[in-house]
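Have a look at the structure below, then the notes.
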Amino acid sequence: MRPNDGQLLLLLLLLTCTFLLCTQTLGADTLEKGQNLTDGATLISDGGGSFTLGFFSPGVSNKRYLGIWFSVSNDTVYWVANRDKPLVDRSGMLVFNDAGSLVLLDGSRRPVWSSEMSGGASAVAAQLLESGNLVVRNGSSDAYLWQSFDSPSDTLLPGMKLGKYSWSRTVWTLTSWRSADDPSPGDYSRTLEGAGMPKLVLWQGNAKTYRTGPWNGVYFNGVPEATGYSQWYRLYVTGSGTDTTYGYTALPGAPLTRVVVNHTGVAQRLVWEASSRAWIPLFTGPNGECDNYGRCGPFGLCNPSVASSRCGCIPGFSRKSSSSLKFADGCGRDADLDCPTDGFMVVPGVKLPDTHNATVATGVTLEQCKARCKANCSCLACAAAYIQEEGSDSSGCIMWADTIVDVRFSDKGQDLYVRLSISKFDDPESGGGKSFPIALVVAPVASAVTVLLVVFLIWWRMRRRILGAIPQNPSIAVHSVNLATLKHVTGNFSETNIIGQGGFGVVYKAQLADGRMIAVKRLKQSALTRKGKKDFAREVEVMAGLRHGSLLRLFAYCSQGKERILVYEYMQNKSLNIYIFGTTEIRASLNWTKRLEIIHGIAHGVAYLHGGSDKSVIHRDLKPGNILLDDEWKAKIADFGTAKLFAIDQTGPDQTIVVSPGYAAPEYAQRGEMTLKCDVYSFGVIILETLSGQRNGSTQRLLSHVWGLWEQNKVMELLDIAMALPHPDSEHEILSELKRLCSHAALRHVPRHPVCVREGLTLLHLSLRFRPGASSGNACVLLSGSSLQREGEDGMTTLCTRCGFTAAEVAAQRGASAAHRGDGAGSMVATMCPRLGSLTSWEDPWSAKVDGGGATGAHWTMWFGLNGVP
């Protein structure tokens, strides 16, 4: 090789190494397992480079921290990993440990910070997203094993949250730095408090220093600045009660923004102004004396436009202390209340009082809110909960029954209606406030008010019944969520999030703040007839009382205005019918093991519905389309809109017959006879369809086909041709598994038909056979075995003859069964007619043999009749 060639090769090698080094340390957004990030190297968010991750020293400090900052402003750090464990030198290193967790090591290679992932999952990569979120993945899915957004420091970015989710035990709080040079947790924090109505609270230790007004559906009351940047950022509050979160999104083209709690105890929203290369504040809180929490004490009213003493009193109240320095003592009433003759006075344009002691009602108008407060002698004040909902000016109701505190006049404030003695409305010096119209008319006697209240309650109950409202039952462990929450998580019900739809509703896929997926079922307006609303209410009430691993879990519901929405756990593999009725390739993906587990899961669910919960529930619409499959192919029964509580709903005005062709038991479809056996019949059809990959249909085609195969001794041909037939060696294992299912303890306690479900599960042996000609309503159950005791056969023969069949007919059937099995063993046919329901001891002749020792070692099979009678 010539010298010039060697020099050229060396130059190319150096350039290549330099390029690779720059790619890893300056341009890369991902750190993979086996790589490390040392002091001086960085990750830069992909797609825009808005954020940088690396090591830094704040202010004049020489200590080193791992953090994420805005690329346009290197000294604006939004997240710090090792806040309270700084590095003393530049020897820090970010790596993945052997367990797959992201860890920060010091110079001695001791961990000072870790991503602290749970669940045993092992990560393979960390990526800095353009949102500023540092996420850790395992490479097999897009789900995050850990994310920096779940561990905020002092800054809230678009996409982050404040609040909590008890489901995942996640709490999001902002905590200030100790000082400008020390990012360790300081004295101030900002939280979302969900009691009453959601509001943002700034704390110094355990003391409130500032709070916004309650969330009014658009922004937080008392923060009018929010309307000035609504064209850039959309605020939202999701959830209800204590499980509530607040966040915001940035619209396309919006400048960089951040909400920060600084070490001086002030919360600010700032935006980046590119022309001046500076952060410009859009909001600051507290901002002035009137923002200091409880500045004027109980029933006090702070007026920021008054130059001298800003503290006054709500109209109808006077200062308790004459000293101008004792504002915290607050104000007292000028005249005692005398319910129900009291009136109400409006205090306009204020930041509403703290709602920690308030109650909230949704779905009512402002006038209804006033009427509720007047009827409740404990109600001291009320206000509209939302200033905008479905196009109306105000709705919902907040009622205070205790001390009113932290009220101030505010630009774009709301009206507060305060309860006062009627005497204050005759006093021209009472404050000149504008009163309710009802304050001008005093009820002559208390009895008249009582009559009006009773009429109102009757009207309200009738209205709830007509609208199909959800009963306010404290035992129902299903949350009600507002419409704004569901609009947010579904992208305003975006078509891109639709995962399924039918004649009654559309199902959307949505993601919660903690990364979990949910399914949001929004009923179509055309389905919201009186019956449709009753079905919605029934589904919520029934599902709220059911908890079982084989039933789809209902997380929440929304019954707001004209909307009826259900929130379920998300089923990744959708419904069973996709896989058993799909293409050959799709059907082949559901192997025999999975199909067995699915059948097993459905059986568990049916058993629980019929006898495992406090009340027996009849589903009435079991079919593959209502069997959903999770990511582990576990079956869950869904769609309880037509369910009936067996003990309650057998009779009544609602006698609607719910029929899915091919699945409804004939005695129910034809005569409306609703019993627990209806579900058993449907379950039998599901088993046959799951095994065969064929639909039964309204003509009972599959049942006829199965009967024909039985008569020709070709039952194995029923199995789905998309998969190879079970090998003789493996068939025994399958049968053993089915026998185990048949003897499962849960299925032995299904009321009225334990054998129906238990022996029905032996279908994989394909001895479950339907007789197409049984249009008369008769049904036969074939019990065969090598060790049946003689008295069992005699008992069954007696039972059959009582149903109108001769002993010769029974003997003929017994012989046919023995010839078919080819084992020479005695067998018997119990032929049951419609009169069987009147025989109180019809189970005795053979159920004792099944559960006792008489049938030990026997192989049991079962023959369902078309009418579903066991």
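The values are calculated or read from the model by the stated rules, or taken from the named source; none is laboratory data. Worth saying up front: this structure is predicted, and the values here are computed from it rather than measured. As a convention, Cβ positions derive from the backbone with ideal geometry for all residues, glycine included, and neighbour counts pool all protein chains shown.
Numbers below:
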item: Every residue from the range 646-681 that is under 23 Å from E569 (Cβ atoms) and modelled with pLDDT under 70; result: none
item: Y246 farther than 24 Å from P348 by Cβ, buried (at least 17 other Cβ atoms within 10 Å of the Cβ) and in contact (Cβ under 8 Å) with a residue 40 or more places away in the chain; result: yes
item: Residues of the range 526-553 that turn out to be surrounded by fewer than 16 Cβ atoms within 10 Å (Cβ to Cβ) and modelled with pLDDT under 85, as a count; result: 5
item: Cross-chain or 6+ apart pairs with Cβ under 7 Å, the range 672-684 first and free of Cβ contacts under 8 Å to residues at least 24 places away in the same chain, then acidic (D, E) and in a helix (DSSP H, G or I); result: E673/E667
item: Qualifying positions in the range 249-281 - charged (D, E, K, R) and buried (at least 16 other Cβ atoms within 10 Å of the Cβ); result: R258, R269
item: Looking only at the range 487-542, and only at residues there that are without any contact (Cβ under 8 Å) to a residue 12 or more places away in the chain and part of a strand (DSSP E or B), the one that is farthest from the chain's Cα centre (by Cα); result: Q501
item: Pair list, Cβ < 6 Å and 6+ apart or interchain, from the range 182-194 residues that are assigned by TED's automatic domain parsing to the domain that holds V266 to residues that are outside any strand (DSSP E or B) and of a type in the set (S, T, Y); result: S189/T173; T191/T173; G194/T242
item: Residues satisfying the stated conditions in the range 584-621, i.e. in contact with a Gly (Cβ under 9 Å, 6 or more places away or on another chain) and of a type in the set (A, V, I, L, M, F, W, C); result: L590, A603, V617
item: Strands (runs of 3 or more DSSP E) contained entirely in the range 25-126, each with at least 3 residues that are surrounded by 14 or more Cβ atoms within 10 Å (Cβ to Cβ) and of a type in the set (F, W, Y); result: 51-56, 65-70
item: Exclusive hit being hydrophobic (A, V, I, L, M, F, W, C) and under 25 Å from V259 (Cα atoms), set L102, L43, L31; result: L43
item: Long-range neighbours under 8 Å by Cβ, at least six apart or interchain, first residue farther than 14 Å from L380 by Cβ within the range 328-341, second loosely packed, with under 15 Cβ neighbours inside 10 Å and acidic (D, E); result: none
item: Single condition T284 does not satisfy, out of (1) surrounded by 17 or more Cβ atoms within 10 Å (Cβ to Cβ); (2) without any contact (Cβ under 8 Å) to a residue 40 or more places away in the chain; (3) touching a helix residue (DSSP H, G or I) at 6+ places or on another chain (Cβ under 9 Å); result: (1)
item: Single condition E289 does not satisfy, out of (1) at pLDDT below 90; (2) buried (at least 20 other Cβ atoms within 10 Å of the Cβ); result: (2)
item: Residue that is nearest to W69 (Cα to Cα), among those in the range 159-192 that are at pLDDT below 90 and among the charged types (D, E, K, R); result: K164
item: Some residue of the range 169-192 being crowded, with 16+ Cβ neighbours inside 10 Å, assigned to a strand (DSSP E or B) and touching a helix residue (DSSP H, G or I) at 6+ places or on another chain (Cβ under 8 Å); result: yes
item: Subset of the range 692-748 (residues that are assigned to a loop (DSSP other than H, G, I, E, B) and modelled with pLDDT under 60); result: S743, H744
item: Count of the range 305-323 residues which are modelled with pLDDT of 80 or more and either loosely packed, with under 14 Cβ neighbours inside 10 Å or farther than 20 Å from V418 by Cβ (or both); result: 2
item: Qualifying residue in the range 199-216 (condition: touching a residue at least 40 places away in the same chain (Cβ under 8 Å), in a strand (DSSP E or B), closer than 28 Å to H479 by Cα and touching a Pro at 6+ places or on another chain (Cβ under 6 Å)); result: yes
item: Complete set of residues in the range 460-515 that are over 26 Å from Y386 (Cβ atoms), modelled with pLDDT of 80 or more and not polar (S, T, N, Q); result: E495, I498, I499, G500, V507, K509
item: So L629, is it touching a Lys or Arg at 6+ places or on another chain (Cβ under 8 Å), at pLDDT 85 or above and under 30 Å from E673 (Cβ atoms); result: no
item: Candidates F56, F96, F51 - the one that is more than 38 Å from the chain's Cα centre (by Cα) and closer than 22 Å to S115 by Cβ; result: F56
